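Asker: Quick one: structure below, then a few questions.
The values are calculated or read from the model by the stated rules, or taken from the named source; none is laboratory data. Keep in mind the model is a prediction, meaning the values are calculated, not measured. Cβ atoms come from the backbone with ideal geometry, glycine included; neighbour counts cover every protein chain shown. Accessible surface areas use protein heavy atoms only, side chains included; no ligands, DNA or RNA. Shrake-Rupley method; radii C 1.70, N 1.55, O 1.52, S 1.80 Å.
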Amino acid sequence: MKPRFVALIILGGPVLLFALSGIRAVQLAREGDVPEAWRDLDCDGEISWAEWLRGGIDFRLRPSELLQGCQEIYAVKTGAPIVLRCESPPQCRLARDLIKK
């Protein structure tokens, strides 16, 4: 009985921690600054679960410096714009296509 209990502790502990961190990541993504409908980070028209999660945790919104009247979705760590969301078509624009090199 004792080896099974030790094995349960060794294997169950990391599984429990992984599950709890996954639940917390979803909670943080729900509370994120970027609206769920705007989390299409590659402008392909579909929001994958990874885009939804990252859009809520890793990115924020600010008024765009590249195009007037648009909102930038930018990376919190670098401050670099990723996607521009505009009211006029095209509504989703990748920032890398607008940044002059």
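Asker: Per DSSP H run of at least 4 residues, take -39500 (n - 2.57); add these up for the chain, divide by its residues and hand me the 222 nm value, nearest 500 deg cm²/dmol. Provide the component values of the computation, followed by the final result.
Answerer: On the way: 3 runs with 42 residues, N = 101.
Per the formula, -13500 deg cm²/dmol.
Asker: Take residue 2 and residue 17, extend 7 Å from each Cα along the Cα→Cβ direction, and tell me the distance between the two endpoints in nm.
Answerer: Inter-label distance under the simple model: 2.5 nm.
Asker: Are there trypsin sites (Lys or Arg not before Pro) in region 41-96 that DSSP puts in a loop and that have at most 15 other Cβ atoms within 10 Å, and which ones?
Answerer: Numbers: sites: 54, 60, 77, 85, 93, 96; in loops: 77.
The qualifying sites are 77.
Asker: With a point put 7 Å past each Cα toward its Cβ, work out how far residue 97 is from residue 24 in nm, to one decimal.
Answerer: Going by the 7 Å Cα→Cβ label model, 3.8 nm.
Asker: Okay, next question. Rounded to the nearest 10 degrees, what's the angle between the helix 2-30 long axis and the longest principal axis of the chain, both from Cα atoms, 0 to 90?
Answerer: 20
Asker: Output the relative contact order of the chain, whole-number percent, from Cα pairs under 8 angstrom with separation of 6+ residues. Intermediate values should be presented prior to the final figure.
Answerer: On the way: 125 pairs, mean separation 17.7, N = 101.
Relative contact order of the chain: 17 percent.
Asker: Quick one: Cα centre-to-centre distance for region 1-45 and region 76-97, in angstrom?
Answerer: Using only Cα atoms, the two centres lie 28 Å from each other.
Asker: Counting just the Cα atoms, what span does the chain cover along each of its three principal axes? Round to the nearest Å and put the largest first.
Answerer: 68, 24, 21
Asker: Got a number for carbon plus sulfur as a percent of region 9-88's accessible area, 1.4 Å probe?
Answerer: Numbers: 3230 of 5260 Å².
Exposed carbon and sulfur together represent 61 percent of the surface.
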